Amino acid sequence: MYVGDLKRRSEIEITMPGGETITLFYRDPKPDEVRGYNSESVQRKGNKIVMKHSQTQEKYGLKILEGIKEGDFGIKGPDGKPVCVSSDDSSKFYRQDWKTIFCEYALTAVIALGAAIFGGTEASDRSEEVGETSADQD
């Protein structure tokens, strides 16, 4: 893997509030997008700090979102039956407005993508494994 490869397409599985899993395809963020996310997510208004995490996660998650795994997302059709919505322009289910539809029905997935990718990185010591206590290290 080459970190910072703007042509690389990655994927992430997002578990929706109802328990369904959606696989999203995204590109690595550009440096100006990372800086924009960081400067917009926490703002100062006079003497107050204003947290705008969800709005910023939505905005920047949408910028890097490139697609949805075929079959993972659909809406009710005119007859009330589920209809697949595809981001793949070679699919018979392709919708040019797929991002708009996706945001209307699955905004939490876009916000989760923004949070996961722009939320920061963390460096940790191997001894800081989840669930490990200091007693486990003795």
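Bear in mind that the values in this text are calculations on the coordinates, not laboratory data. These numbers come from a predicted model, not from an experiment. Virtual Cβ from ideal backbone geometry, glycine too; neighbours counted across all protein chains shown.
Quote to one decimal, in nm, the extra length available between residue 69 and residue 101 on full extension: 0.36 nm per residue of separation minus the C-alpha distance between them. Let's see the in-between values first.
Working: separation 32, 0.36 × 32 = 11.52 nm, distance 1.47 nm.
Stretched fully, the residue 69-residue 101 segment lengthens by 10.0 nm.
Using the number of other C-beta atoms within 10 angstrom as an exposure proxy, rank 9, 95 with the fewest first.
Numbers: 9 11, 95 17.
With the sparsest Cβ surroundings first, the list reads 9, 95.
May I ask you to work out the translational diffusion coefficient for segment 1-72 at 20 °C, viscosity 1.002 mPa s, via Stokes-Einstein with Rh from the Kirkwood sum over Cα pairs, reported in whole µm²/s? Intermediate values should be presented prior to the final figure.
Values: Rh = 14.0 Å.
In µm²/s, the coefficient is 153.
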Would you mind getting me the FRET efficiency between residue 49 and residue 90? Use the beta-carbon distance for r and R0 = 30 Å, nearest 0.05.
0.05
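Any idea what % of Cα-Cα pairs in segment 9-120 are farther than 23 Å?
Numbers: 2053 of 6216 pairs.
Cα-Cα pairs in segment 9-120 separated by more than 23 Å: 33 percent.
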Can you list residues whose amide H is under 5 Å from residue 52's amide H, if they're 5+ apart or on another chain and H is modeled 1.01 Å from N?
42, 43
Could you sort 68-75, 83-90 so that the peptide with the highest average Cβ count within 10 Å comes first and the rest follow in order?
68-75, 83-90
What FRET efficiency comes out for residue 81 versus residue 13 if R0 is 22 angstrom and r is the Cβ-Cβ distance? Round to the nearest 0.05.
0.30
Taking H placed 1.01 Å from N in the peptide plane, check which residues at least 5 places from residue 74 or on another chain put their amide H under 5 Å from its amide H.
85
